[in-house]
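The values are calculated or read from the model by the stated rules, or taken from the named source; none is laboratory data. Source: prediction; values computed, not measured. All Cβ positions, glycine included, derive from the backbone under ideal geometry; neighbour counts span all protein chains shown. SASA here: full protein model, heavy atoms, side chains in, ligands and nucleic acids out. Shrake-Rupley method; radii C 1.70, N 1.55, O 1.52, S 1.80 Å.
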There are 2 protein chains.
Amino acid sequence: MENIGFIGLGIMGSPMAGHLLDAGYSVITTDHRSPPPADLVDKGLKTVTGNAAVAQAADIIITMVPDTPQVDEVLFGEDGVASGLSKGKLVIDMSSISPIATKTFAQKINALGCDYLDAPVSGGEVGAKAASLTIMVGGEENAFERARPVFEKMGKNITLVGPNSVGQTTKVANQIVVALTIEAVAEALVFASKAGADPARVRQALMGGLAASRILEVHGERMIRRTFDPGFRIELHQKDLNLALEGARSLGVSLPNTSTAQQLFNSCAANGGAKEDHSALVRALERMAGHDVA
Amino acid sequence: MENIGFIGLGIMGSPMAGHLLDAGYSVITTDHRSPPPADLVDKGLKTVTGNAAVAQAADIIITMVPDTPQVDEVLFGEDGVASGLSKGKLVIDMSSISPIATKTFAQKINALGCDYLDAPVSGGEVGAKAASLTIMVGGEENAFERARPVFEKMGKNITLVGPNSVGQTTKVANQIVVALTIEAVAEALVFASKAGADPARVRQALMGGLAASRILEVHGERMIRRTFDPGFRIELHQKDLNLALEGARSLGVSLPNTSTAQQLFNSCAANGGAKEDHSALVRALERMAGHDVA
């Protein structure tokens with residue numbers, strides 16, 4: 001079993017690293033920013049000081065941090081992972097970040113004689129805890145096969161989608177579909193409710209047909225029951241749609257409804273909802289209609 | 001068993017009436033516009049001349065015609081159903097038409113001592129043939145219970161959603177969700193494909209998570225395989241989104257993404273695609289990006 005370095009033991013990273021420890025992997029992190037989570041230390045988590053030291057001690061280095069600048073800092077900043085790498089190691093970024101920056105990161109890691117995989121996940125905290133994450137991977141086939149046993153401890157639907165950056169592109173595509181399906185359900189429920197229909201019965205009727213989706217089931221119910229605790233926070237979905245809209249501009253693609261969905265999230269954030277679940281997007285349409293779904 | 005009058009034996013109405021004949025119902029139609037389908041005559045379909053004569057001969061009168069003006073004409077035009085009704089009969093409009101006009105139609109039928117149900121369907125020609133239609137019903141409970149055995153010969157998911165017009169409102173809500181989910185999948189696949197990802201692998205990866213829907217499965221595949229034979233024609237979905245946008249204006253609701261989806265359908269129609277499947281909405285985004293998904 002290869003030694004795993006794990007940088008970023010937050011809400012997602014902690015349970016993911018926990019599964020690796022449970023499976024018998026040696027897992028190493030850095031204590032230079034914060035002390036490691038006690039429950040992981042109890043499971044055998046080891047610590048060194050600094051990202052370079054993690055890279056020296058591990059065969060495979062996983063990063064799971066908030067956004068593109070943090071990955072850049074962890075990998076290429078002062079005392080970064082890159083400065084501790086030696087030939088043959090594998091860097092796996094499981095954060096959700098820019099596909100464009102990812103191409104550069106991969107090239108810089110490859111230039112050191114190491115492999116790079118972009119492997120963002122979906123499924124959230126629930127999926128991380130249940131080891132049922134969807135993992136969308138970009139990179140070379142042999143690096144993917146090397147990482148597969150590690151991925152299998154953390155997720156269920158594990159797909160090599162294409163070369164480096166395509167994992168991140170797929171995650172962005174996922175977040176487009178999720179946001180726009182939430183927006184679709186929200187438009188339908190606000191319309192139906194203001195027309196005098198019972199939104200719960202409408203949702204039930206729609207679940208039987210072509211409109212059926214996991215979003216209609218889960219997020220539609222949250223809109224009706226007014227349970228907007230995250231789940232997945234609007235401010236995180238804003239970050240993901242920003243990646244989509246930045247990417248659209250640089251690629252030359254028009255994403256009209258993604259653009260509108262971002263404006264509706266912006267309206268939610270402006271009204272104090274940045275930390276609510278993304279299903280609370282419905283509130284922006286409710287304000288526009290002067291009418292709540294339920 | 002009650003006698004059924006059936007007006008509108010087109011692509012949807014013919015197989016629906018066929019199921020009623022197969023179940024042993026006496027079914028009557030009018031020959032004043034066109035001769036009745038031969039296969040239904042073989043099954044025992046009877047004919048009279050004129051809509052009023054159908055209403056006189058039947059206990060339950062079903063209409064299945066293209067749009068609001070046709071329902072108005074069949075019910076209240078010269079020699080219309082209304083002029084042949086007597087107390088205690090039941091009129092069921094299974095067309096997909098304006099919820100607002102439906103309220104008026106129901107009131108006028110009620111004033112004649114008859115019940116009215118709005119009962120639009122989803123599931124298309126395939127669902128009509130397989131007797132697996134989703135039926136969304138607006139009206140009184142007792143009228144619904146009277147109609148239920150008839151509905152059960154034609155559909156599977158049969159829901160009384162609320163009072164008159166709410167069946168049509170639910171159908172509009174359904175068409176909003178379907179159009180916007182198609183649009184969501186189209187934005188995601190155009191983005192991913194232009195970024196260099198294989199759209200088939202992206203679709204596969206997304207099917208495992210929160211982005212999963214029947215639309216991603218069925219229409220996503222059509223976009224990738226370029227199979228745009230209907231299915232459900234863009235010109236029909238334009239009609240349905242028009243009902244949504246008209247309704248939004250009169251109710252006071254903002255439907256930003258429904259509005260954009262209609263513009264994309266308009267672009268498809270302008271480029272000769274009015275009779276293609278609604279999954280061909282992707283072509284409008286492809287033209288904007290100068291890049292096809294596959």
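What to note about this one:
- Accessible surface, 1.4 Å probe, highest first, among residues B:235, A:286: B:235, A:286
- Whole-Hz ³J(HN,Hα) from phi, Karplus 6.51 cos²θ - 1.76 cosθ + 1.60, for segment A:29-43, glycine and proline x: 9, 10, 9, 6, 9, 7, x, x, x, 4, 5, 6, 4, 4, 7
- Shown for residue A:35: label points 7 Å from Cα along the beta-carbon vector, and their distances to the equivalent points in the other copies, 9.1 nm in ascending order.
- Nearest-to-axis residue in chain B, judged by Cβ distance to the rotation axis that brings B onto A and given in whole Å, is B:213, 2.
- For residue A:88, inter-copy label distances in nm, listed shortest first [label point 7 Å out on the Cα-Cβ vector]: 9.2
- Loss of accessible area when A meets B, both sides summed, Å² nearest 100, probe 1.4 Å: 5200
- Over the protein assembly as shown, the pair-distance histogram of Cα-Cα distances with 20 Å bins from zero comes to 21, 44, 25, 9, 1 percent, rounded to whole numbers.
- Under Karplus coefficients 6.51, -1.76 and 1.60, residue-wise ³J(HN,Hα) of segment A:132-144 in Hz, glycine/proline x: 10, 4, 8, 10, 10, 10, x, x, 7, 4, 5, 5, 4
- Antiparallel DSSP beta bridges within segment A:4-162, percent to nearest 5: 10
- Per-residue 3J(HN,Hα) values for segment A:219-226, derived from phi via the Karplus relation 6.51 cos²θ - 1.76 cosθ + 1.60 with θ = phi - 60°, read 6, x, 5, 4, 5, 6, 7, 6 Hz in sequence order (x marks Gly and Pro).
- What separates the residue B:125 label point from its copies, with the point 7 Å along Cα to Cβ, is 5.0 nm, written shortest first.
- Debye equation applied to the C-alpha atoms of segment A:4-162, log10 I(q)/I(0) at 0.08, 0.17 Å⁻¹: -0.19, -0.94
- Listed cross-link partners B:129/B:171; A:103/A:156; B:46/B:103; A:153/A:239; B:87/B:156 are compared with a 21 Å cut-off, the Cα-Cα value being larger for A:103/A:156; B:46/B:103; A:153/A:239; B:87/B:156.
- Here chain A exposes an accessible surface that is 48 percent carbon and sulfur, computed with a 1.4 Å probe and the other protein chains kept in place.
- Beta bridges by DSSP in chain A, antiparallel share as percent, to the nearest 5: 15
- Net charge of the neighbourhood of residue B:228, taken over other residues with C-beta under 9 Å away and scored Lys/Arg +1, Asp/Glu -1, is 0.
- Compactness of chain A as Cα Rg over 2.2 N^0.38 Å, two decimals: 1.08
- For residue A:239, the shell of other residues with beta-carbons less than 14 Å away shows a net charge of -1, using +1 for Lys and Arg and -1 for Asp and Glu.
- Every Cα-Cα pair of segment B:170-289 was included, and the share exceeding 25 Å stands at 21 percent.
- Accessible surface computed residue by residue for the protein assembly as shown, with neighbouring protein chains in place and a 1.4 Å probe, gives 37 Å² per residue.
- For segment B:1-135, the residue among B:116, B:26, B:131 whose Cα projects farthest onto the positive side of the dipole built from Cβ charges is B:116.
- Separation of segment A:117-188 from segment A:64-95 is 19 Å, based on Cα centroids.
- Taking A:278, A:32 and ordering them by how much accessible surface each has at a 1.4 Å probe, largest first, produces A:32, A:278.
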